[in-house]
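The values are calculated or read from the model by the stated rules, or taken from the named source; none is laboratory data. Bear in mind the structure is a predicted one, so any value in this text is a computation, not a measurement. All Cβ positions, glycine included, derive from the backbone under ideal geometry; neighbour counts span all protein chains shown. For the accessible areas, the whole protein counts, side chains as well, though only heavy atoms, and no ligand, DNA or RNA atoms are used. Shrake-Rupley method; radii C 1.70, N 1.55, O 1.52, S 1.80 Å.
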Amino acid sequence: MKVEVFNNNAIYYALLYFFIVIIGSYFLIVYLYPSISNDTGYYLKIAYDLAHGLSFFKELNCSYSPLVMYIFSIPFYFNDEVGLIFLFTYYFMVFPFIGALFFQILKYFNSDNKICLFFTVLLITANFVFEGFHILLEPYVLLFQLMTIWLVLTWKLKKSTLFLAGVFAFLAFYAKQYGLFIMPALVFWLYREAKNIRLFTSSLSFFVLGFFVPILILMSYFYVYENVAIKFFLLRLFGVSAIKGTEIVTGIDYSVIGAFKKVGQFIIDFPFFILIVFLFFGVKTKSISQSSKFVLLLLIGAFCTLYFAYYSHYFQLIIPYIIITIVIFYKSFLEKNSIIIFFFSIIFLVGASLKLKNKFLEKKEHYNEQLANVPVLESNVANKNVYLHGMSPAYYFLSKYNSPNYGVLGYKFPIELTLNKICTEISEGDCILIEPKFFKPAIFDSYITKKEFTVMDGVKQKRILLLEKKKH
């Protein structure tokens, strides 16, 4: 019996049903156990500070672009005590827009609504599986990338459309620097669509203008109203200071072997990637269209993200371009072999279900831990200027702790800086929370031990020292 995914309604809607069940289950986990991850606490505390007057480029040491944190800050302008349930709901609102844009992009390459809907739902499901249920930057980067791509695809030689596409390309970059990796593919598309070099030059000029005008506006604003030097603004915006500095920006303990292992795990978790191999061997070179070359450039650019780090949530910026590649090649190869789609869908669903169980237990554990620790911290740590070395950065937001040195330490993760650097840069009278095993008298000779208390670390307990830097 031949299995046709898109011609058999029973199979088609069954797969969609199970994809939606996975998505719904993640919603259930989040709302049952509203807790936040390390990265989420980091972003939300910066967002909270922005709403309370912190100048991102002038005062805070942060290697990321700030746009998403500005978006996260909006609720705090109205209510300081915004709860996690509201914040997660606010965050999840981005996914319908991602889905709508992705569906339209797929429609450009394949007019079959059933195929486009199937792969759109698959994308949203995969994004949740790859840590999209945490409040992160990547979904917003993807949103602006997709908006840019959609505008370029529907450009029809309108200069205003290209200018707007350039603006959204900047927003993808301003959400996170990795958003720039779609640029080579976009330039190629403009070139292939242009009838001559003059039209290409003109089109590219309007696109580039759309990208740089927001930079000029922001640069002028921060220079005039916040007295941020233009050179410093540009270095921070493009991440030059972080890349050239001694700090670890991302990808702690990065290794090529680790990257290959992560890609191997990704193939297991998202087996549709294997279809790319089928496509390369199953499609004749002569039949590869300009559209195919465009999307392959998008895919290559997306994988460049892994050069910096290979965290699971980074694959949220890769999966869409794998799917677009599959859809573009569908008619030339997969249409007669849709059983492959069915086969990989089953593998994906089984893996996603197993992951779901683990995430349920993990989320519940984090929820109970944070529920127990916040009152303990409130009763033992009176000083609000605290560097968290022995505690998750989630508590910067949950307990509203401020950085003891915004300009140097910011909310940097302890593994990004040496312990000596951290101790030196903490201001007098401010504190650090640290595990006893990291305490070294020679480094902490200018500190006094204020307290020692117990906190939860998962289901276990651990001791924490509260040290205060002496005032001279």
| note | Of those in region 370-398 that are closer than 21 Å to Cys423 by Cβ and of a type in the set (Ser, Thr, Tyr), the residue surrounded by the fewest Cβ atoms within 10 Å (Cβ to Cβ) is Ser392
| note | Quick count over region 443-462, residues being modelled with pLDDT of 90 or more, assigned to a loop (DSSP other than H, G, I, E, B) and hydrophobic (A, V, I, L, M, F, W, C), is 2
| said: Quick check on this structure: which one of Leu204, Leu180 is more than 20 Å from Pro139 (Cα to Cα) and of a type outside the set (Asp, Glu)? | reply: Leu204
| query | Say we look at region 1-32 and pick out the residues that are open to solvent by 40 Å² or more (accessible area, probe 1.4 Å) and hydroxyl-bearing (Ser, Thr, Tyr); which of these is nearest to Phe76 (Cα to Cα)? | reply | Tyr31
| query | Taking only pairs six or more apart or across chains, which ones have beta-carbon atoms under 6 Å, a first residue in region 342-353 that is in a helix (DSSP H, G or I), and a second residue that is loosely packed, with under 15 Cβ neighbours inside 10 Å? | reply | Phe342/Val3
| remark: Within region 421-472, the residues that are polar (S, T, N, Q) and farther than 11 Å from Tyr387 by Cα are Thr424, Ser446, Thr449, Thr454, Gln461
| Breaking point among (1) in contact with a Gly (Cβ under 7 Å, 6 or more places away or on another chain); (2) more than 23 Å from Tyr174 (Cα to Cα), for Gln145 | (2)
| Just wondering, is there one or more residues in region 384-397 that are small (Gly, Ala, Ser), without any contact (Cβ under 8 Å) to a residue 60 or more places away in the chain and assigned to a loop (DSSP other than H, G, I, E, B)? | no
| Is it the case that region 56-65 has a residue that's without any contact (Cβ under 8 Å) to a residue 12 or more places away in the chain and either in a loop (DSSP other than H, G, I, E, B) or farther than 21 Å from Pro214 by Cα (or both)? | no
| message | Consider region 421-442. How many of its residues are within 18 Å of Asn402 (Cα to Cα) and either assigned to a strand (DSSP E or B) or touching a helix residue (DSSP H, G or I) at 6+ places or on another chain (Cβ under 9 Å) (or both)? | response | 5
| task | Count, please, the residues in region 410-425 that happen to be under 29 Å from the mean Cα position of the chain (by Cα) and open to solvent by less than 10 Å² (accessible area, probe 1.4 Å). | result | 4
| Selection count, region 293-318, where residues are hydroxyl-bearing (Ser, Thr, Tyr) and either surrounded by fewer than 17 Cβ atoms within 10 Å (Cβ to Cβ) or part of a helix (DSSP H, G or I) (or both) | 4
